[in-house]
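A.B. asks: A single structure is presented below for examination.
No value in this document is a laboratory result; all are computed from the given coordinates. All of these numbers come straight from a predicted model, not from anything done at the bench. Note that each Cβ is placed from the backbone with ideal geometry, even for glycine, and that neighbours are counted across all protein chains shown.
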Amino acid sequence: MILRFCLLLCFFFLVRGTNGDTYCIPRYVENLRINVSAVLSWEVHQDETCGIKEFQVDVEAEHQEYEMHFLVRFQFVDLSFLPVCDEWHFVVTPISENNVLGYERRLVGHVPLPSTADISLSYFDAIHVNTKDILLQWDLQNRTQGDCTLRYRIVIENKETGDVQDVYVSGLSIILHNLSPCVEYHIAIRAVNIAHPTIEGPMLFQNVLSPSIEQIPPTLLSVKTGPTSIDMTWGLENWSNRCPVRALHIDGGSKFNISVPIQDSTDDRPPVEVNLKGLQPNSMYYLKVAVENSGGMSQASQIAVQTDELGPGR
């Protein structure tokens, strides 16, 4: 048994020694892609150990109605004769120097728009859907060659905070949600051919002012009572609503109705302090507190506060 194993092992090494790469199966290629010139290219696997003689390139239509086959020695093939924006299956298989077929690499994609394609936009509209949402719409100047490898880059800058949002979409519209009221947004859009190398079209832009709306009800942060006083601190909506604030209104029903003017800050909105004086001791007060801004009056926050009893000798 030992002798038979040794003979088999010796035979294996003799075969490997005399035939070199006979049993070497090439790895799949890397970085398979088609560029804007419709040239399909790839790279030999970085860990490839086989000697590569050539590559088999198969180009198949989406529904297998049409196919082409090539044997090439270079790591690219010119497919500029294919129709732009048609979808194909591209398959590349390396072949070793001893004609051993390797593992295939497959790419499903379109023949990209060429670098000469007109990807400028004909128009760009911004439409207010409601108080916090804006619909952006646009279209291409020229659709002769299609738009299969186009994406649309939209850059939205909040002019109040300087925050910038960068998004890519494939369609011809997008709704921007939850924009801050009374804030100006600088919006720019351009078409981008995402094939290799990436090509960006000319930019269209406009400034959009989000409309005014009232604040949410103010928030009670603290309250301190005395026999004849109520001291309160109220928090206001800040960065989510930049419409100028004018006053805080405190409705005490038949007992009093006062307004506290507010000098609005462009950077921050500190809490508003309210000091009610000359009240009756040991009395319950029902208050409705609302904030007024350029968009109108907010809904009221309602609270009930009781003043303290008078102490002995007072």
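A.B. asks: Which lysines, on any chain, are close to Lys288 with Cα under 21 Å apart, when same-chain ones fewer than 8 places away are left out?
C.D. replies: Candidates past the 8-residue exclusion: Lys224, Lys255, Lys277.
A.B. asks: Okay, moving on. So what is the calculated 222 nm ellipticity per residue for the chain, using -39500 (n - 2.57) for each DSSP H run with n of 4 or more, over all residues, to the nearest 500 deg cm²/dmol? Mind showing how you got there, number by number?
C.D. replies: Numbers: 1 runs with 18 residues, N = 314.
Computed ellipticity for the chain at 222 nm equals -2000 deg cm²/dmol.
A.B. asks: Here is a further query. Which of Gly201, Gly253, Gly235 moves the most in a Gaussian network model of the chain with Cα springs under 10 Å?
C.D. replies: Greatest mean-square fluctuation among the candidates belongs to Gly253.
A.B. asks: Given Cβ point charges of +1 (Lys, Arg) and -1 (Asp, Glu) and nothing else, what value in debye, to the nearest 20, does the dipole of the range 121-209 about its Cα centre take? Show your work: numbers first, answer last.
C.D. replies: Working: 6 positive and 10 negative charges, 42 e Å.
Taking the Cα centre of the range 121-209 as origin, the dipole is about 200 debye.
A.B. asks: Using Cα pairs closer than 8 Å and at least 6 residues apart in sequence, work out the relative contact order for the range 54-167, in percent.
C.D. replies: Values: 179 pairs, mean separation 21.6, N = 114.
The normalised contact order for the range 54-167 reaches 19 percent.
A.B. asks: Taking H placed 1.01 Å from N in the peptide plane, check which residues at least 5 places from Phe124 or on another chain put their amide H under 5 Å from its amide H.
C.D. replies: For Phe124, no residues qualify.
A.B. asks: Taking square-rooted eigenvalues a ≥ b ≥ c of the alpha carbon gyration tensor, is the range 219-306 rounded, prolate or oblate, where a/c under 1.5 means rounded and, failing that, a/b exceeding b/c means prolate?
C.D. replies: Prolate shape, in that a/c is at least 1.5 and a/b is the bigger ratio.
A.B. asks: Also: On a 0 to 90 degree scale, rounded to 10, what angle separates helix 2-19 from the longest Cα axis of the chain?
C.D. replies: 90 degrees
A.B. asks: Sticking with this one: List Ile262, Ile303 from most exposed to least, where exposure is judged by having the fewest other Cβ atoms within 10 Å. Intermediate results must be reported in sequence, preceding the final value.
C.D. replies: Working: Ile262 18, Ile303 14.
Placing the least packed residue first, the sequence is Ile303, Ile262.
A.B. asks: Counting only residues 5 or more places away or on other chains, whose amide H sits under 5 Å from the amide H of Tyr285 once H atoms are built in the peptide plane?
C.D. replies: Val305, Gln306, Thr307
A.B. asks: Which of Thr225, Thr307, Thr149, Thr144 has the fewest other C-beta atoms within 10 Å, and how do the rest follow up to the most?
C.D. replies: On the way: Thr225 16, Thr307 19, Thr149 24, Thr144 8.
Arranged by neighbour count, lowest to highest, Thr225, Thr307, Thr149, Thr144 become Thr144, Thr225, Thr307, Thr149.
A.B. asks: Find the relative contact order for the range 121-209 and round it to a whole percent, using C-alpha pairs within less than 8 Å whose residues are 6+ positions apart.
C.D. replies: Details: 180 pairs, mean separation 27.1, N = 89.
Rounded, it is 30 percent for the range 121-209.
A.B. asks: For the chain, what is the relative contact order in percent, using Cα pairs closer than 8 Å and at least 6 residues apart in sequence? Numbers along the way, then the final one.
C.D. replies: On the way: 731 pairs, mean separation 37.4, N = 314.
Worked out over the chain, it gives 12 percent.
A.B. asks: Taking the Cα centre of the chain as the origin, how large is its charge dipole in debye, to the nearest 20, when only Lys and Arg (+1) and Asp and Glu (-1) carry charge on their Cβ atoms? Let's see the in-between values first.
C.D. replies: On the way: 22 positive and 38 negative charges, 178 e Å.
Value, rounded to 20: 860 debye.
A.B. asks: Roughly how many nanometres apart are two label points built 7 Å out from the Cα toward the Cβ at Glu104 and Gln75?
C.D. replies: Between Glu104 and Gln75, the label points sit 2.2 nm apart.
A.B. asks: Quick one: P(r) of the chain from all Cα-Cα pairs, 10 Å bins, percents rounded to integers, in order of increasing distance.
C.D. replies: Result returned by the calculation: 5, 17, 15, 13, 12, 10, 9, 8, 6, 4, 2, 0.
A.B. asks: From the residues Pro281, Ile230, Ala117, which one has its Cα farthest along the dipole of the chain in the positive direction, the dipole being from +1 and -1 charges on Cβ of Lys/Arg and Asp/Glu about the Cα centre?
C.D. replies: Pro281
A.B. asks: Provide Tyr168, Tyr28 in ascending order of the number of other Cβ atoms located within 10 Å of each residue's Cβ, fewest first. Write out the running numbers ahead of the final one.
C.D. replies: Numbers: Tyr168 10, Tyr28 17.
By the 10 Å Cβ count, ascending: Tyr168, Tyr28.
A.B. asks: Hey, another quick one. At a Cα cut-off below 20 Å, give the aspartates and glutamates reachable from Lys159, other chains included and same-chain residues fewer than 8 away excluded.
C.D. replies: Asp125, Asp133, Glu184, Glu237, Asp264, Asp267, Asp268
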